[in-house]
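Have a look at the structure below, then the notes.
The values are calculated or read from the model by the stated rules, or taken from the named source; none is laboratory data. These figures come from a predicted structure and were not determined experimentally. All Cβ positions, even for glycine, are placed from backbone atoms using ideal geometry, and neighbour counts span all protein chains on display. Just the protein is used for accessible areas: all its heavy atoms, side chains included, with ligands, DNA and RNA removed. Shrake-Rupley method; radii C 1.70, N 1.55, O 1.52, S 1.80 Å.
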Amino acid sequence: MSQKFKDAFQKIAQNIPKGGGGGEPGRGAGAAKAASRAAGSLMIAGGLGYGAYNSVFTVEGGHRAVIFNRLLGMKAQVYNEGLNFNIPWFERPIVYDIRTRPVNLQTLTGSKDLQMVTIGVRVLHKPDPNNLVWIYRHLGMNYDERILPSVMNECAKAVVARYNANELLTKREEVSASISAELSQRCGVFHVMLEDVAITHLAFSPEYAKAVEAKQVAQQDAERAKYVVLGAIQEKKTIVTKARGEAESAELIGTAVKRNPGFMKLRRIDAAKEIADTVAGSGNKVYLNADSLLLNLLGDADDKFAKSVSEKRGWFGWWRK
């Protein structure tokens, strides 16, 4: 375009006559005609340059374009990527980015059991390429700022109100799927397509967090107390069983002594064997009586013991009389 202007000025310079201003009247009229022709050529060149420059537009990758006509309004055609043509001044292209873009929203709402919940939702969205004319006519270029915050806020609050606080944690995937279904239905009315909906943040009030912690501590204390009770019951059973065993053992020993007096001698031999092993394994010297250590197995200690027992029985019998 600059080259065309340069050529036009060169033509004007060639048509202007050389010399001073005191020439003939005919030559002055010829110079005026030449100047007018040069100005007309300049205007034509400028118009052609302007038309050539503004008659084409390029749509980049990941974009689509619609055209506004000054006489007819919005044209129904959607222009794809690449080089496209339009009428200069009468038509103006509007280019839309149809690539996926994220939108984050964080809102405070209440659950089914009236617990305050702070939930954050991240949405990946893009405009419907086939309905860009409708979007521009009704929503404009900043369509996402006009509809997504209010729609996301409403859908998140409506879904969270269906679940209690515990279900929001245990059924997180179900809650996310419900929010996605609600948003897809609402945004479909505005020809906005959703690629993905995810819950990025979920927090409860400090009071609820303290209550949950106190509940967990109480449950742990209850479990600990239950195990203490079970331990006491088992210890009681052990003591009863041990006492019952000792009683039965004493009863059996008494029965054996009554039936066979040699049972005491057998127990005496076992005790003497154990004491002898202990004394033999010790490095100390022992100066005690063999009767005191139950080592006199060949003496008359058993006869003396039996005699003393019989005398005591006779004495107790006389005293009772």
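Give me the number: length gained by fully extending residue 48 to residue 113, i.e. 0.36 nm times residue separation minus the C-alpha to C-alpha distance, one decimal in nm.
Between residue 48 and residue 113, full extension yields an extra 16.2 nm.
Residues in region 117-132, backbone N under 20 Å from the label point at residue 72 (7 Å along the Cα-to-beta-carbon vector): list them, ranges by number please.
130-132
Out of residues 5 or more away from residue 94 or on other chains, whose amide H comes under 5 Å of its own, with H placed 1.01 Å from N in the peptide plane?
Here 66, 67, 68 satisfy the definition.
I'd like the accessible area for residue 194: 1.4 Å probe, protein heavy atoms, all chains in place, Å² to the nearest 10.
About 40 Å², ignoring ligands and nucleic acids.
At a Förster distance of 35 Å, what's the computed FRET efficiency of residue 184 paired with residue 55, Cβ-Cβ distance as r, to 0.05?
0.30
How large is the accessible surface of residue 199 in square angstrom, using a 1.4 angstrom probe and rounding to the nearest 10?
Accessible area, nearest 10 Å²: 30 Å².
Tell me, in nm to one decimal, what length is gained between residue 253 and residue 205 on full extension, where the rule is 0.36 nm per residue of separation less the Cα-Cα distance?
Result for the pair: 10.1 nm of gain on full extension.
Roll a 1.4 Å probe over the protein heavy atoms and report the accessible area of residue 81 in Å², nearest 10.
100
Protein chains only, probe 1.4 Å: how do 97, 277, 221 rank by accessible area, largest first?
Ranking 97, 277, 221 by accessible area, largest first, yields 277, 221, 97.
Which of the pairs 75/157; 126/210; 126/171; 157/215; 126/157; 112/215 have their Cα atoms more than 31 Å apart in this structure?
Where the Cα-Cα span goes over 31 Å, the pairs concerned are 75/157; 126/210.
Would you kindly derive the ³J(HN,Hα) couplings of region 233-242 from the backbone phi angles with the Karplus curve 6.51 cos²θ - 1.76 cosθ + 1.60 (θ = phi - 60°), listing them in order in whole Hz, with x for Gly and Pro?
Result, ordered by residue: 5, 5, 5, 4, 4, 5, 5, 5, 5, 5 Hz.
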